[in-house]
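Following: one structure in structure tokens, then a few remarks.
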Amino acid sequence: MALRPSVLTIWADRFTALLLAGAFAVAGWKIINRDPAGNFLAVPQQSAFPPGAQRAVATAAPAKSALARHLSPDGRFRFDAQFVSAKPGQAVHAASIVELNDGQLRAVWFSGSREGAGDVTIQTAVMDATSQHWSGESTIFNRQQVQQGLWRYVKKLGNPVIARAPDGSLWLWMVNVSLGGWAGSSISWARSVDDGVTWSVLRRLVTSPFLNISTLVKGAPIFYQNGFIGLPEYHEFVTKFGEILQINAQGQVVDKIRIPGSRTSLQPVMLVSGSEQAQVYMRSGSARNVMTSATNDAGKNWQTTHETTWPNPDSALAGVVTSTGTQWMALNPTHRSREILALLQTSAGGDFEGAPEWVVESSTSPQTNLSIGNYERLLANELRSEGASEEQNQAYVASAKRQLCGAQNCAEEFSYPYLLQSRDGYIHLVYTWHRTRIKHVRFDPLQSLQPVRAALASPLDAPAPH
């Protein structure tokens, strides 16, 4: 007599069949939709601006900053720095930035009571091109608006990335989760034709017809000669790996290429050095070194991912290629923590091995956490130097302590950088400052990175010279 299969066996078989069907569906969907993007658009992103606007800015001399220059913690170079608007007491993170048609800058980031909370919103602020000061912030999307736009339950919002597409419009991609943690996330997107004043209805970025989960975004997009957008994304479900999505002008994914050997790697940053050459750098989820890969055929094939010599404390990177072809990277160059933020520079198509560090922010006591009292004083000193009121200071410090302090000491954190070169030649860096504010640094790559002789006072005795 034949044995009757158990209920568990039946459901296991059904689940296996479902997985196989999904795999075939994904493969078929990719083949049907595949439309090779051709070569990279190996020119600066400002080509997307209307010609008149581009000439008006490009022929003018770079504007002088109305802000005082700041000396780097290592005393090696000077730059402009200020805080982007942020509500006192909020947890803020994952900023990105884009240049507008009139030369202003628009930053976006997420903000809430804590990362992953239901009250997280996508915020924005604009920096005036003349005064170099940031406006008050406003909300682009909250969780309820995302739910209504997508017609589905949304549990939380995450990383936003803003960029100008080849047609001149602004695109905003953001992470949202309906079920579970970040491994259950997907990407939604919206488009603006008025430089971010208004936005289209949100849409889901369909990267797979099977579940369509575990896709997240952090790095800046790149562009192809046929008008496609190359969006770096990454997965966190079961295992981590990086991919490059090819997206057409209608926002549809027409192809995706996984970076081989990128297991445990995430948040790819792509630097295009030629019409067929590009490098990818990735955060290491296993707290080793920065991971990298390269392509010589416009991304159709990638080399197997391997480690660089640069340490990475499981933290995000940023990169940009300037109009002269010079490549820049921002990273936390330590194994243990995010307490130092530095810039690296290399030639077009080069690597960053052996490049000198230009330190933008640094802990006052590397590898050693500060006492709560010293941490409070450190933050309050810098916040006061930026003109915050005492009530605002207390809220900012309380937010940072809530996220970065234990029972007796606190960790300093400068993390999640994002880089952009504006049409006047300046490079802009935005990043998370102590999880409580977004900070903006601006420098001229041809002049700022010159050695400066200066003795620095202790940040515990005076406002930190950031």
Among SER273, SER284, which is the only one that is modelled with pLDDT under 95 and open to solvent by less than 10 Å² (accessible area, probe 1.4 Å)? SER284
If a residue must be more than 16 Å from VAL161 (Cβ to Cβ), in contact (Cβ under 8 Å) with a residue 12 or more places away in the chain and open to solvent by 40 Å² or more (accessible area, probe 1.4 Å), how many such residues does the range 188-204 contain? 2
Inside the range 321-365, counting only strands (runs of 3 or more DSSP E) that do not spill past its ends, which hold 1 or more residues that are among the polar types (S, T, N, Q) and within 14 Å of LEU271 (Cβ to Cβ)? 327-331, 340-346
Among strands (runs of 3 or more DSSP E) lying entirely in the range 213-267, which contain 3 or more residues that are open to solvent by less than 10 Å² (accessible area, probe 1.4 Å) and either under 20 Å from GLN279 (Cα atoms) or modelled with pLDDT of 90 or more (or both)? 229-235, 241-247
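Per-residue answers, yes or no, for (1) surrounded by fewer than 18 Cβ atoms within 10 Å (Cβ to Cβ); (2) polar (S, T, N, Q); (3) modelled with pLDDT of 95 or more:
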position: GLN327; (1), (2), (3): no, yes, yes
position: HIS335; (1), (2), (3): yes, no, no
position: LEU343; (1), (2), (3): no, no, yes
position: GLY354; (1), (2), (3): yes, no, no
Take the range 85-114 and flag every residue that is closer than 17 Å to PRO417 by Cα and modelled with pLDDT under 95. SER85, ALA86
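A quick yes/no check of all residues on (1) acidic (Asp, Glu); (2) open to solvent by 20 Å² or more (accessible area, probe 1.4 Å); (3) within 18 Å of the chain's Cα centre (by Cα):
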{"residue": "VAL360", "(1), (2), (3)": "no, no, yes"}
{"residue": "THR368", "(1), (2), (3)": "no, yes, no"}
{"residue": "TYR375", "(1), (2), (3)": "no, no, no"}
{"residue": "GLN408", "(1), (2), (3)": "no, yes, no"}
{"residue": "HIS428", "(1), (2), (3)": "no, no, yes"}
Within the range 101-120, count every residue that is under 18 Å from the mean Cα position of the chain (by Cα), under 22 Å from PRO221 (Cα atoms) and of a type outside the set (D, E, K, R). 5
Within the range 387-406, which residues are within 25 Å of the chain's Cα centre (by Cα), open to solvent by less than 50 Å² (accessible area, probe 1.4 Å) and under 30 Å from MET282 (Cα atoms)? SER399, ALA400, LEU404, CYS405
Only strands (runs of 3 or more DSSP E) wholly contained in the range 91-152 count here; list those with 3 or more residues that are among the β-branched types (Val, Ile, Thr) and crowded, with 17+ Cβ neighbours inside 10 Å. 91-99, 121-127
Hits in the range 247-286 - residues which are more than 25 Å from GLY350 (Cα to Cα) and out of contact with any helix residue (DSSP H, G or I) (no Cβ under 6 Å at 6 or more places or on another chain): ILE247, ASN248, ALA249, GLN250, GLY251, GLN252, VAL253, ASP255, LYS256, SER286
Can you go through GLY158, GLY168 and tell me which one is out of contact with any Gly (no Cβ under 6 Å at 6 or more places or on another chain), open to solvent by less than 30 Å² (accessible area, probe 1.4 Å) and closer than 30 Å to SER286 by Cα? GLY158
Note on the range 153-192: residues farther than 27 Å from THR239 by Cα, in a strand (DSSP E or B) and not aliphatic (A, V, I, L, M) are ARG164, TRP171, ARG191, SER192
Any hit, the range 192-201, residues being on the phi > 0 side of the Ramachandran plot and modelled with pLDDT under 90: no
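The values are calculated or read from the model by the stated rules, or taken from the named source; none is laboratory data. Everything numeric here is computed off the predicted structure, so don't read it as measured data. So basically every Cβ, Gly included, is an ideal-geometry build from the backbone, and we count neighbours across all protein chains shown. With ligands, DNA and RNA removed, areas are computed over all heavy atoms of the protein, side chains included. Shrake-Rupley method; radii C 1.70, N 1.55, O 1.52, S 1.80 Å.
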